[in-house]
């Protein structure tokens, strides 16, 4: 009698575990999870790119594989002389790789900030795409760009992947202030409050 109860208990326990496994959706389950991901790319001993993320999840499908970065991503791009040139940060990101063509595409979304350290330019947008084959970044979303020569905003942007030549496709309500001589006094007659200077 005791033996029969023991066998029934074992069968019942295994059945419960098997039903949990049957409910598991492998398409939505990562093959690998990497905490504190750190990646470095070099060429001829010169640092080209550094990628950091608190968490990376690896997924695999029939025609493509992809990596998710649900807790954010930071990418650091370096110039030919090895100096830091570009920083890209986002709240989330995804890296897709086709098993058929081998093409790779990155997408970053959720408060994306792109900084070109050398030019002193900063871009902010919601989503940005990086085409590694063409070596360019682009978006169709709203973009704000700050630079030493002023401020620009609009919809759609395209640039090389180091953010050296960013162009906003549909700019609006932008302004620029360029002062060549730091001793020059500028008076805005439309918004000036106070007595105007008399001409001599």
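The values are calculated or read from the model by the stated rules, or taken from the named source; none is laboratory data. These numbers were taken from a predicted model, which means no experiment stands behind them. For neighbour counting, all protein chains shown are included, and Cβ atoms are generated from backbone atoms with ideal geometry for every residue, glycine included.
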Which pairs have Cβ atoms under 7 Å, sit 6 or more apart or on different chains, and link a residue in segment 28-51 that is in contact (Cβ under 8 Å) with a residue 24 or more places away in the chain to one that is surrounded by 10 or more Cβ atoms within 10 Å (Cβ to Cβ) and not in a strand (DSSP E or B)? 46/82; 47/82
Give the residue that is nearest to residue 132 (Cα to Cα), with candidates limited to residues of segment 33-69 that are assigned to a strand (DSSP E or B) and over 21 Å from the mean Cα position of the chain (by Cα). 43
Determine whether segment 172-186 contains at least one residue that is modelled with pLDDT under 80 and surrounded by 12 or more Cβ atoms within 10 Å (Cβ to Cβ). yes
